[in-house]
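Visitor: Structure in structure tokens, see below.
The values are calculated or read from the model by the stated rules, or taken from the named source; none is laboratory data. Predicted, not measured: the structure shown is a model, and the values here were computed from it. Cβ coordinates were reconstructed from backbone atoms using ideal geometry, including for glycine residues, and neighbour counts include every protein chain displayed.
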Amino acid sequence: MNVEQAMQERRSIRGFKDQPVPRPLLEEVIALGNRAPSSMNTQPWHLHVLTGAPLEKVRNGNTERMLAGVPPSREIEDYAAYEGEHRKRQIEIAVQLFEAMGIERHDAERRQDWVMRGFRQFDAPVSIVVCFDRALLDNTIAHFDTGAMTYGLVLAAWSKGLGAVINGQGIMQSPVVREVANIPDDQVILTCVALGWPDEEFEANSVVSRRRPVENVARFLGFEE
């Protein structure tokens, strides 16, 4: 699979087969993601790869705290509610997913179950917790660099036949993740990536988010007409 094919075909996968991912394959994926560019070659990222019992502990801890009404606790500044065009796009993808899953607007139980799937890392066999150096917490470029690496990670996974979704819900109860994964104090938890073999029968996996056309994204100056 070439780069263009991976970028065109990649989509967020939210349903996975109950099948382990071999460690050597994960190491190949991480080695490719690790080629991401970073400011001054600082490479501020750290990855903690969870599967099996540790991942189950994170799932259970996230679920218990959320159902008990414990407020989310993230280690980076939380984002404000989206408004305007950003809110419209947020709603659009939610509608696409709910339609694919057959979840009606009034079906509070299934909507709640969908939300909880996110806190369970979408029941993926692997979760990669993405961190960066705490010394760079106030350096927004470090966030950007780590995001670039994370995109490279999911592209690399797709090129190897794996599916992934960048999943902020999975670390919203960051104290649970930090304790189970024994993450050093000098690292900040940014997000996580749920990863595994795509379940082609899971309806939401067919959803492809709509993208703005180039003319709505880019301005070209100084080019010949």
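Visitor: So, in the stretch 192-224, how many residues would count as being aromatic (Phe, Trp, Tyr) and closer than 27 Å to VAL58 by Cα?
Guide: 2
Visitor: Please state which one of PHE144, PHE132 is aromatic (Phe, Trp, Tyr), touching a strand residue (DSSP E or B) at 6+ places or on another chain (Cβ under 7 Å) and within 24 Å of PRO72 (Cβ to Cβ).
Guide: Sole residue among the options that is aromatic (Phe, Trp, Tyr), touching a strand residue (DSSP E or B) at 6+ places or on another chain (Cβ under 7 Å) and within 24 Å of PRO72 (Cβ to Cβ): PHE132.
Visitor: Take GLN43 and tell me if it is modelled with pLDDT of 95 or more, in a loop (DSSP other than H, G, I, E, B) and surrounded by 14 or more Cβ atoms within 10 Å (Cβ to Cβ).
Guide: Yes, satisfied.
Visitor: Take the residues in the stretch 46-59 that are of a type outside the set (Ser, Thr, Tyr) and within 17 Å of the chain's Cα centre (by Cα), then tell me which one is surrounded by the most Cβ atoms within 10 Å (Cβ to Cβ).
Guide: Looking at residues that are of a type outside the set (Ser, Thr, Tyr) and within 17 Å of the chain's Cα centre (by Cα), I get VAL58.
Visitor: Also: Taking the stretch 107-154 on its own, how many of its residues are under 12 Å from the mean Cα position of the chain (by Cα), surrounded by fewer than 18 Cβ atoms within 10 Å (Cβ to Cβ) and not small (Gly, Ala, Ser)?
Guide: Count: 1.
Visitor: Further question: Any residue at all in the stretch 199-206 that is within 15 Å of the chain's Cα centre (by Cα) and within 22 Å of LEU67 (Cα to Cα)?
Guide: No, the conditions are met nowhere in the stretch 199-206.
Visitor: Contact list please: Cβ distance under 6 Å, first residue in the stretch 113-127 and closer than 12 Å to ASN167 by Cα, second residue of a type in the set (A, V, I, L, M) and in a helix (DSSP H, G or I), pairs at least six apart or on different chains.
Guide: PHE119/MET66; SER127/LEU55
Visitor: Another question about this same structure. Among the β-branched types (Val, Ile, Thr) and over 29 Å from GLU200 (Cβ atoms): is that true of VAL115 in this structure?
Guide: For VAL115, the condition - among the β-branched types (Val, Ile, Thr) and over 29 Å from GLU200 (Cβ atoms) - is not met.
Visitor: Related question: For the stretch 63-80, name all the residues that are closer than 30 Å to ALA135 by Cβ and either loosely packed, with under 11 Cβ neighbours inside 10 Å or hydroxyl-bearing (Ser, Thr, Tyr) (or both).
Guide: PRO71, SER73, GLU77, ASP78, TYR79, ALA80
Let's see how each residue does on (1) within 30 Å of ASP186 (Cβ to Cβ); (2) not acidic (Asp, Glu):
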{"position": "LYS57", "(1), (2)": "yes, yes"}
{"position": "GLY61", "(1), (2)": "yes, yes"}
{"position": "SER73", "(1), (2)": "yes, yes"}
{"position": "ARG89", "(1), (2)": "no, yes"}
{"position": "ASP107", "(1), (2)": "no, no"}
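Visitor: Of the residues GLU64, GLU27, GLU9, only one is over 28 Å from SER209 (Cβ atoms) and within 19 Å of the chain's Cα centre (by Cα); which?
Guide: GLU27
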